[in-house]
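Below: the structure, in structure tokens.
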Amino acid sequence: MVGDGLDRVLDWGVMPTALLSVSDKTGLVAFARGLLDLGYRLLSTGGTEGALTAAGLPVTQVSEHTGFPEILGGRVKTLHPRIHGGVLARRVPEHLAQLETHDIAPIDLVAVNLYPFRETVSRVEVEHAEALEQIDIGGPTLIRAAAKNHPDVVVVVDPEDYPALLVTLQGGGPDPDGRRVLARKAFAHTAAYDAAIVGYFDSGEELPSSLHLTLTRAALLRYGENPHQQAARYREEGRAGFWDGTVQHKGVALSFLNLFDTEAAWRLVHAFATPGCAIIKHANPCGMALGDDIETAYRRAFACDPKSAFGGVVALNRALTPGTATALMSNPKADVVIAPGYLPEALELLRTKRKNMRLLEAPPPSPAGRQLRRVDGGFLVQGPARLTLDRSQWQVVTEASPNDGQWRDLELAWTVCAATQSNAVVLAADGRAVGVGAGQQSRVDAGDLAARKAAGRAQGGACASDAFYPFRDGLDAAAAAGCKAVIQPGGSIRDPEVIAAANEHGMAMVFTGERHFRH
């Protein structure tokens, strides 16, 4: 242990010093014991010092080292020249001479991680004053000082790095590249911390004056949209999505488009409470159906557009059963199957067939958040898309009103339409999509495509359009396809003409007042 200033003058340069001050005490005692075995003396503060003392390890309090007590309820502990001079001094004659003049011992290793600010503010009942107290000041300052001086000072912020670092220190310490890696991780740690604080102050702001995102690489992907593009999934620091809880039971690694399409399918199928199946190809639904059981839902969804389902993503909102597995094997292959679970017999059956097909087991998706899309020099940012299925907010504008079955098909068609790239028209009948017209420049073409794919199966069913009909021709096409109910946003200057057309055809039409363009 270090005593008075004379001891420090005699010991510095001979006995290396490590400063430990951590909120996350995972692996702390073992790391500190390893440092002692290597000849380090330990400086520490508050709870960290208490944990080390309780473990019987010799440690010097920072206040003893500086000769100045902690003040302001612990807000000022390490902010002292004898701490920051020891951390920031380069090991060059000029700096070392100043340290000796001012009786400052060099500090050779800094192990710090920060107050649990993000965890604190995630509690619904947290008070603003409590949140402020969890804004660390001394910790980030120490980390940044040590990281700046990483050629001479080792900085470590992640307890997972302790074991490897001890091994490296036994061999004389990290090489320059290793020190840079630790310093880079340290600056990332403080950047993420500051971003979390800004995010807290922006709470409730959909479009704040600035955005501060920190993303951690969570997984390398097989490739990007095309094999010549590298790709990875990044996770927003402090947040986890369903991908972080997803288990891949089988198949080759996932690509960028596998994730993109699977997420679209998983979100669509979770819009329904009853057993359902969504099939996605190139980000668009080519099948969506409900059923009394999951096998029936799958078979009905696949029947929507079997040709397009080839190589697509199948999402189920119930555990996959042996009957569903048999149906999957009898149909053209799916690239990805995702479900909340697999019955053992079903999983075994699927494992024996089609070695490249990915089988994913996942928790439900979290609510969609702010959306970003890159443009030259920056990003377009918007709030999450909103899908309203509240009939009290909708308006029946025709002489005829939907019956119970038509209401169900209208809601299904509207939900699928909102998940389809514009221009989009979706035809549904008997609890299943029967025709999807996606990504057309003309709404008439979208309707014609949906009708062609429906091939007469829309009789008595519903039609959804993601935006208003500017002319009655789209409505006439829906009637020709056999639809008896239509759902659309409304808002065209020709709404009266379109309503009149619906009345001519004896169709019920509902205005939602909510457009669903999707690009």
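The values are calculated or read from the model by the stated rules, or taken from the named source; none is laboratory data. Keep in mind the model is a prediction, meaning the values are calculated, not measured. All Cβ positions, even for glycine, are placed from backbone atoms using ideal geometry, and neighbour counts span all protein chains on display. The protein model used for the area step is the full one, side chains on, heavy atoms only, and it has no ligands, DNA or RNA in it. Shrake-Rupley method; radii C 1.70, N 1.55, O 1.52, S 1.80 Å.
Odds and ends about this structure:
- What the phi angles of the stretch 141-152 give under the Karplus curve with 6.51, -1.76 and 1.60, with θ = phi - 60°, is a coupling list of 5, 5, 4, 5, 5, 5, 5, 4, 9, 4, x, 10 Hz, glycine and proline written as x.
- Dividing the helix sum by the residues of the chain, where each DSSP H run of 4 or more adds -39500 (n - 2.57), gives a mean residue ellipticity at 222 nm of -11000 deg cm²/dmol.
- The phi-based Karplus calculation (6.51 cos²θ - 1.76 cosθ + 1.60; θ = phi - 60°) puts the 3J(HN,Hα) values of the stretch 54-64 at 4, 7, x, 9, x, 8, 9, 5, 4, 4, 5 Hz, whole numbers, x for Gly and Pro.
- Among 167, 22, 92, the order of accessible area from largest down is 167, 92, 22, computed with a 1.4 Å probe on protein heavy atoms.
- Taking chymotrypsin sites (Phe, Trp or Tyr not before Pro) across the stretch 431-519, none is in a DSSP loop with at most 12 further Cβ atoms lying within 10 angstrom of its Cβ.
- Accessible surface for the stretch 5-162, divided over its residues, is 46 Å² per residue with a 1.4 Å probe.
- Excluding ligands, DNA and RNA, the accessible surface per residue across the stretch 251-316 is 34 Å² with a 1.4 Å probe.
- In this view, the solvent-accessible surface of residue 179, computed with a 1.4 Å probe and all protein chains in place, comes to about 40 Å².
- Across the protein chains, with a 1.4 Å probe defining accessible surface, the residues 381, 181 rank 181, 381 from largest area downward.
- Cα centroid separation, the stretch 81-95 to the stretch 434-451: 70 Å.
- Positive-end ranking of 192, 76, 86 along the dipole of the chain, with charges on Cβ about the Cα centre, is headed by 192.
- Isolated Cys in the chain, by beta carbon distance under 4.7 Å: 277, 286, 304, 417
- Nonlocal amide H pairs with residue 155, under 5 Å, H built at 1.01 Å: 110
- Accessible area (Å², 1.4 Å probe, nearest 10) - residue 104: 20 Å²
- Exposed-loop-free span, longest in the chain, where GluC sites (Glu not before Pro) count as exposed if DSSP calls them loop and at most 13 other C-beta atoms lie within 10 Å: 226-398
- Reachable lysines, given that their alpha-carbon falls under 28 Å from the alpha-carbon of residue 148 and they are not under 8 places away in the same chain: 25, 77, 185
- The heavy atoms of residue 207 present about 110 square angstrom of accessible area, all protein chains included, probe 1.4 Å.
- Student exercise, the chain dipole from Lys, Arg, Asp, Glu Cβ charges, in Debye to nearest 20: 1720 debye
- Dipole of the chain computed with +1 at Lys/Arg Cβ and -1 at Asp/Glu Cβ about the Cα centre; of 209, 122, 285, farthest Cα towards the positive end is 285.
- Each Lys and Arg contributes +1 and each Asp and Glu -1, all at the Cβ; summed about the Cα centre of the stretch 174-299, the dipole is approximately 520 debye.
- Trypsin sites (Lys or Arg not before Pro) within the stretch 86-139: DSSP coil, no more than 15 neighbouring Cβ in 10 Å: 90, 91, 123
- 3J(HN,Hα) along the stretch 399-414, derived from phi through the Karplus expression 6.51 cos²θ - 1.76 cosθ + 1.60 where θ = phi - 60°, amounts to 5, 8, 10, x, 8, 4, x, 5, 4, 4, 5, 4, 5, 5, 4, 5 Hz, with x in place of Gly and Pro.
- The P(r) of the stretch 205-285 has a tail past 15 Å containing 68 percent of all C-alpha pairs.
- Among 128, 270, the sequence by solvent-accessible area, most first, with a 1.4 Å probe is 128, 270.
- Solvent-accessible area, 1.4 Å probe, carbon plus sulfur percent, for the chain: 52 percent
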